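Since the structure comes first, as structure tokens, the remarks are kept for the end.
The values are calculated or read from the model by the stated rules, or taken from the named source; none is laboratory data. As the structure is a prediction and not an experimental result, all values here were calculated from the model. No Cβ is skipped: glycine too gets one built from the backbone with ideal geometry, and neighbour counts run over all protein chains shown.
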Amino acid sequence: MTAFQRLLDPSILASISGLELVAKTVVDGFVAGLHRSPDFGFSQEFAEYRAYTPGDDLRHVDWNVFARTERAYLKRYRGETNSQLTMMLDASASMGYSSHAVPKLDYARYLLASLAYLAGHQRDAAGLIVFDDEIRDYVPPSTRQGQLARVLHALDRARPASRTDFAKPFVHFQQFLRRRGIIVVVSDFYEDAAAVIRTVEPLRFRGNDVVLFHLLDPGEIHPPLTGAVLLEDMETADALEVTPDYIRSEYREKIDAHIETLKSKARGAGVDYFLARTDRPLDDALREYLTVRQGRL
């Protein structure tokens with residue numbers, strides 16, 4: 001593991017107090033790594049000015065120009081598109097699971113906090129929907145001052161609570177969708193793969209880029225069982241006694257088939273899919289997001 005990856009290690013991030021500091025640590029380490037990569041040009045080269053409009057971030061005003069002309073102008077950069085990023089967080093009960101130091105929901109917090117921080121760096125409007133079987137929190141996308149704090153507070157409030165209903169957040173979101181952008185969904189996707197894709201396809205049809213981050217704990221992919229145990233569904237409380245033989249054969253086949261089906265159907269619908277394990281550094285997930293965003297430039 002490189003020095004940059006250690007900065008992005010979820011077990012290390014868990015020891016940092018405060019989501020904003022986590023996001024800064026992740027993004028600063030990630031961007032430093034990108035500067036060394038031949039595959040990603042991350043510099044923002046100055047291109048031109050544009051006139052200030054109400055709601056723009058005052059930090060990007062060129063005050064030297066304002067002093068000379070008494071008119072406010074913002075610097076624009078090559079590759080700048082002012083994209084809209086909407087993040088959708090599954091906060092159902094199963095997201096509270098962990099077989100190691102970091103529960104799935106905490107990993108999701110780190111990932112989305114980092115994306116929101118990165119969006120600010122790229123002058124993108126970022127927003128958040130937290131859901132389980134209802135909409136639990138909604139922060140509309142914005143570039144207004146204080147937006148990062150609003151998103152981080154909503155992430156911090158998220159708690160694993162109920163079952164998942166994918167239809168409700170997507171119907172809710174489409175009611176407020178005014179412009180195309182990037183939609184990032186972070187979930188363990190314990191739902192029929194075809195149903196998930198049917199739910200997100202309308203957003204893709206409307207010209208949005210949709211990214212599914214399939215968040216799984218390593219213990220869900222390779223359960224470390226040495227004897228018969230009683231497994232309980234965290235959302236339904238249904239219980240099932242299983243043996244190591246079942247885990248090695250039937251369970252592995254089912255989880256592998258679910259992952260492959262979701263990946264295949266997503267890509268068939270023009271939706272980006274990425275399997276994110278909660279014991280892995282966040283750099284691969286951030287790189288996936290940046291690849292999608294660069295495709296819009």
Next on the checklist: Tell me whether the range 138-154 contains one or more residues that are charged (D, E, K, R), in contact with a helix residue (DSSP H, G or I) (Cβ under 7 Å, 6 or more places away or on another chain) and modelled with pLDDT of 90 or more.
Outcome noted: no
Checklist outcome for this item: Note: among VAL171, VAL186, VAL139, just one is out of contact with any Pro (no Cβ under 6 Å at 6 or more places or on another chain), crowded, with 23+ Cβ neighbours inside 10 Å, assigned by TED's automatic domain parsing to the domain that holds HIS222 and not aromatic (Phe, Trp, Tyr), namely VAL186
Checklist entry - Which condition number does PHE176 fail, the rest of (1) over 16 Å from the mean Cα position of the chain (by Cα); (2) at pLDDT 90 or above; (3) within 27 Å of LEU58 (Cβ to Cβ) being met? => result (2)
Checklist outcome for this item: The residue from VAL196, VAL185, VAL210 that alone is in contact with a Leu (Cβ under 9 Å, 6 or more places away or on another chain), over 22 Å from SER142 (Cα atoms) and at pLDDT 90 or above is VAL196
Checklist entry - Which of the residues belonging to the range 213-246 are modelled with pLDDT of 65 or more and out of contact with any strand residue (DSSP E or B) (no Cβ under 8 Å at 6 or more places or on another chain)? => result GLY219, GLU220, HIS222, PRO223, PRO224
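Answer yes if at least one residue in the range 117-127 is without any contact (Cβ under 8 Å) to a residue 40 or more places away in the chain, closer than 19 Å to VAL22 by Cα and surrounded by fewer than 24 Cβ atoms within 10 Å (Cβ to Cβ), and no otherwise.
Within the range 117-127, one or more residues are without any contact (Cβ under 8 Å) to a residue 40 or more places away in the chain, closer than 19 Å to VAL22 by Cα and surrounded by fewer than 24 Cβ atoms within 10 Å (Cβ to Cβ).
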Checklist entry - Would you pick out the residues in the range 13-26 that are surrounded by fewer than 23 Cβ atoms within 10 Å (Cβ to Cβ), in a helix (DSSP H, G or I) and β-branched (Val, Ile, Thr)? => result THR25
